[in-house]
Ligand code: BG6
């Protein structure tokens, strides 16, 4: 065309020059990109490889061949060459092309792919050296520059270290070429083992060389969470917080069970298998603060880690667990266990998570997953509060306008009634903006999702549905690290889950029949930060003793102990009674004096009391209550060991006590802990004298240690047992040794003293103290005798009756 006569004018010369420069630059870049990529799939004949990985690699080849790199694919396993080759060939038989590709084209590409793929037995160090030679031999004759190598570990984790060592010592590519190793979960079993594995892997690979796969991050609806939040910032900014979100559900239900995989499953169970990774990743994507740029890998990671820090620690009561009935039998069969063997591994779990930051405080995040359930479906559902009150009758509620209809946003991961990934936004929320790779869908008529017709949502699905592994393989190939789990991320997640896993280790899961027959057996509810099954466990599913030993028609026993009133009951009722008594005392004090001064002990016994006060005593006059500490450990007040932290976690953050009414002990002054010369004890005493009339608390709550100590007044240590001092520094036999405590004389000035004693461990000291006289040096608790106030003992049956 240029050869033809043409009338050139100066502007056109300029344009041509620019176009040529752009083309040249393009060529240079293409040249730079050229090189050879070898992909080695370890575990090439295993289940995951057969189901997803070979297909993913084929898709990668279809997408990338001819775009700058040449490829070779190396399947590897322990199996001997001939047999391995056959198995691999079988796995490759079922490769398929995208629906819109012409069959002849497909056959051609498949053929090329097969020619580029070969099998290697990788067992010994020599095998790895041979593989390396093989790769190099492929490069040289063709004069190819090596761009990089990808090693995909589709093998059990016990094999990681060996393979990693061999790759590191003999299969690293030469200078200028990259190495990427791809690791599949499980990445450890708990925090410690994950840490050990991470340390081991770090001795072979750099962090940037490792790609830890969580295949849920490759699911299209999950991968859309951050971009969606980013693209719809304007609409979501005001909504994405505790004022508007009622709750968040992150769910992965399966119909399959664990048959055939029990050797793995028995060690892991549903929490390690699904919640610790897939659901936690989704939780972070939904709840993290949105960075300015969601494409910045570092910023996303930073925000994720911050979210982990804000997660409230899980406790035994944060979870409900179940197990499908056939599971133990499957384990016995597959793992050759005795007939008497009963597994405690949960195959179902519901967990209540709280995020303690300003955005999410009080919003329940429910994570749930299980095998042998009634349907296969996954989603993250954000249900918004409905604060509107609609005056018009329901027939006038139009889906797009009515604030009275449910408002929700759902990242629908797949399967279920819809059958494909989707993002659903209630029409009464806002019209969302999605990238052009997503299209609006209508779905089958009459379809209802989450209680509303599909037509009440703006519903979008990907134009082209893609398998998670093919997406992740493409990211690995392009060196995009944003959809992978870094070591820090992994350890933060295990740090969060490990305490719950430990606390559940000996818990018998609720048995369920499986499938639709589960009925409402697994439905659960939450209140006061705890989860529980909605239905009682039906007898036929859990035979044997257990429930009968707790009298349901409990009675509170009233008696005398050391000549003072004693209240005794099962622990739950006891706590309830004590909380009621404290509230009554508080109400009375406020009525008479306008304020209530309550001094509280730390330790584990009062935790249940704090929770009870925080959640079940709506008439408590918190606004007029002053809270004091009976004793404190000499650690910073922010330390989880400090009594103040216990009070803060279980009580203060749930009730509204005026800031100035909270009186932590000054154990941390001048950046040092309980130094005599800082006069912390005297400071506290002065504060008490200033604010509490006659230094006489309305109520002091004490405990009793197994050695007879109370507050932080210990046997054989004279400090604080008598004399003038109101507050003293003492020494505990157990760590942390230094303590600050109210003295016995101060305690005995109180109008009321309640001593709470719970648990079988206290049985012995309870018996002993019942017999001893007034001997505070030996048993400081025996010195508690209010001068003109009242002493009441609260003991549970375990402590009192043993
Ligand atoms: C895996 C779990 O990570 O995810 C399996 O180990 C589970 O137990 C699977 O079945 C579910 O993945 P998907 O992609 O089928 O939802």
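The values are calculated or read from the model by the stated rules, or taken from the named source; none is laboratory data. Everything numeric here is computed off the predicted structure, so don't read it as measured data. When we count neighbours, we look across all protein chains shown, and the Cβ atoms used for this are built from the backbone with ideal geometry, even at glycine.
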Matching residues, the stretch 488-513, being surrounded by fewer than 19 Cβ atoms within 10 Å (Cβ to Cβ) and part of a loop (DSSP other than H, G, I, E, B): 505, 506, 507, 508, 513
The one condition in (1) more than 16 Å from the ligand (Cβ to nearest atom); (2) touching a helix residue (DSSP H, G or I) at 6+ places or on another chain (Cβ under 6 Å); (3) farther than 30 Å from residue 406 by Cα that residue 330 fails to fulfil: (1)
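For the stretch 610-620, indicate whether the set of residues that are in contact with a strand residue (DSSP E or B) (Cβ under 7 Å, 6 or more places away or on another chain) and in the same structural domain as residue 706 (by the TED database) is non-empty.
no
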Residues of the stretch 442-487 classified as surrounded by 17 or more Cβ atoms within 10 Å (Cβ to Cβ), free of Cβ contacts under 8 Å to residues at least 40 places away in the same chain and closer than 21 Å to residue 218 by Cβ, total: 1
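Does any residue of the stretch 696-706 turn out to be within 43 Å of the chain's Cα centre (by Cα) and surrounded by fewer than 17 Cβ atoms within 10 Å (Cβ to Cβ)?
From the stretch 696-706, those within 43 Å of the chain's Cα centre (by Cα) are 697-706; that's our starting set.
Going one step further and asking which of them are surrounded by fewer than 17 Cβ atoms within 10 Å (Cβ to Cβ), we end up with 706.
For the stretch 696-706, residues within 43 Å of the chain's Cα centre (by Cα) and surrounded by fewer than 17 Cβ atoms within 10 Å (Cβ to Cβ): present.
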Residues that are out of contact with any helix residue (DSSP H, G or I) (no Cβ under 9 Å at 6 or more places or on another chain) and within 26 Å of residue 609 (Cα to Cα), drawn from the stretch 751-775: 764, 767, 768, 770
Matching helices (runs of 4 or more DSSP H) fully within the stretch 157-229 where at least 2 residues are within 16 Å of the ligand (Cβ to nearest atom) and either assigned by the TED database to the domain that holds residue 268 or surrounded by fewer than 20 Cβ atoms within 10 Å (Cβ to Cβ) (or both): 220-223
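Consider residue 236 carefully, then state whether it is buried (at least 23 other Cβ atoms within 10 Å of the Cβ) and more than 13 Å from the ligand (Cβ to nearest atom).
On the way: buried (at least 23 other Cβ atoms within 10 Å of the Cβ): no; more than 13 Å from the ligand (Cβ to nearest atom): yes.
Spelling it out, it is not the case that residue 236 is buried (at least 23 other Cβ atoms within 10 Å of the Cβ) and more than 13 Å from the ligand (Cβ to nearest atom).
Is it fair to say residue 249 is within 16 Å of the ligand (Cβ to nearest atom), farther than 25 Å from residue 479 by Cα, in contact (Cβ under 8 Å) with a residue 12 or more places away in the chain and surrounded by 15 or more Cβ atoms within 10 Å (Cβ to Cβ)? Steps first, answer last, please.
Working: within 16 Å of the ligand (Cβ to nearest atom): no; farther than 25 Å from residue 479 by Cα: yes; in contact (Cβ under 8 Å) with a residue 12 or more places away in the chain: yes; surrounded by 15 or more Cβ atoms within 10 Å (Cβ to Cβ): yes.
In short, no.
Residue by residue through the stretch 230-241, note down the ones that are outside any helix (DSSP H, G or I) and modelled with pLDDT under 95. Even if it seems obvious, please write down each step before you answer.
Narrowing the stretch 230-241 to residues outside any helix (DSSP H, G or I): 232, 238-241.
238, the sole residue that qualifies.
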Unmet requirement for residue 94, which otherwise passes all of (1) within 30 Å of residue 463 (Cβ to Cβ); (2) over 38 Å from the mean Cα position of the chain (by Cα): (2)
Number of the condition not met by residue 338 [criteria: (1) farther than 25 Å from residue 219 by Cβ; (2) within 16 Å of the ligand (Cβ to nearest atom); (3) touching a helix residue (DSSP H, G or I) at 6+ places or on another chain (Cβ under 8 Å)]: (2)
